[in-house]
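Contents: one structure, followed by commentary.
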Amino acid sequence: MSVILASQSPRRKELLGLFHIPFEIRVADIDETMDPRKKPYDEVARVSRLKALAVEREKEDTVIAADTIVVCEGRVLGKPRSEAEAFSMLRLLSGREAEAMEPMLKKGVAAALYAPGTGTVNPWQLGIAAFENALQNGAEAKLNAEVLAIRKTGTGFEVETDSDTYPCKMVFNCAGLFADKVHHINRYDNGDSKLDELGCEIEVSFNISAVNNV
């Protein structure tokens, strides 16, 4: 079985590479034109599905496809076709306007460049959403368990906690405020992490902690 990324986006390649899972890139040659009469979110899902179905694959392969659009005030902002169009998507704010939009800005801001098509992600809500998605896909949460050690086994890993020891195939350090403590659990005297050698640690700053037996 192979994992196939149906995208030539450097960012998506970088994100998938964080999981240290072997994968190959196969670019889907499809018409990505979206129907302006339909909901943008539905069109993104449709185009992503077309990308996944368009690449050559075996029956047992896993194909990952995605698409990105920016929606501002109900209008889909595609990739700018010219420098002038790119600048039309930006707006210069006065310092007073910027402070009204972002009260946490340092006082005395002279001006700000505003991109209406951008957005921010609430890391707390993102973490909760990822946790809920994991549970819906068969993950089992072990709450209020302090991680004491992580050991590599023939079939994956063993995570020892203060209440029990859990076998799992993958380990993700998603301990939030305690991520640094988990990172330093298995340390050599010189400070190098044994977790890196185990090939099991991917640090994510979600404020949740879970061991998934997948």
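Every number in this text was worked out from the coordinates using simple rules, so none of it is lab data. Given the structure is predicted, the values throughout are model-derived calculations rather than measurements. Here the Cβ is made from the backbone with ideal geometry for all residues, glycine too, and neighbour counts use every protein chain on show.
The table for this structure:
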quantity	calculated
Alpha carbon convex hull of segment 3-68, projected area averaged over orientations, nm²	4.7 nm²
Set of lysines near residue 142 by C-alpha distance (under 26 Å), chain-local residues within fewer than 8 positions excluded	152, 169, 181, 194
Hits among lysines - C-alpha to C-alpha of residue 13 under 16 Å, sequence gap 8 or more where chains match	51
Cα gyration tensor shape for segment 1-158, rounded if a/c is under 1.5, else prolate or oblate	oblate
Surrounding net charge for residue 148, when Lys and Arg each add one and Asp and Glu each subtract one, Cβ distance under 12 Å	-3
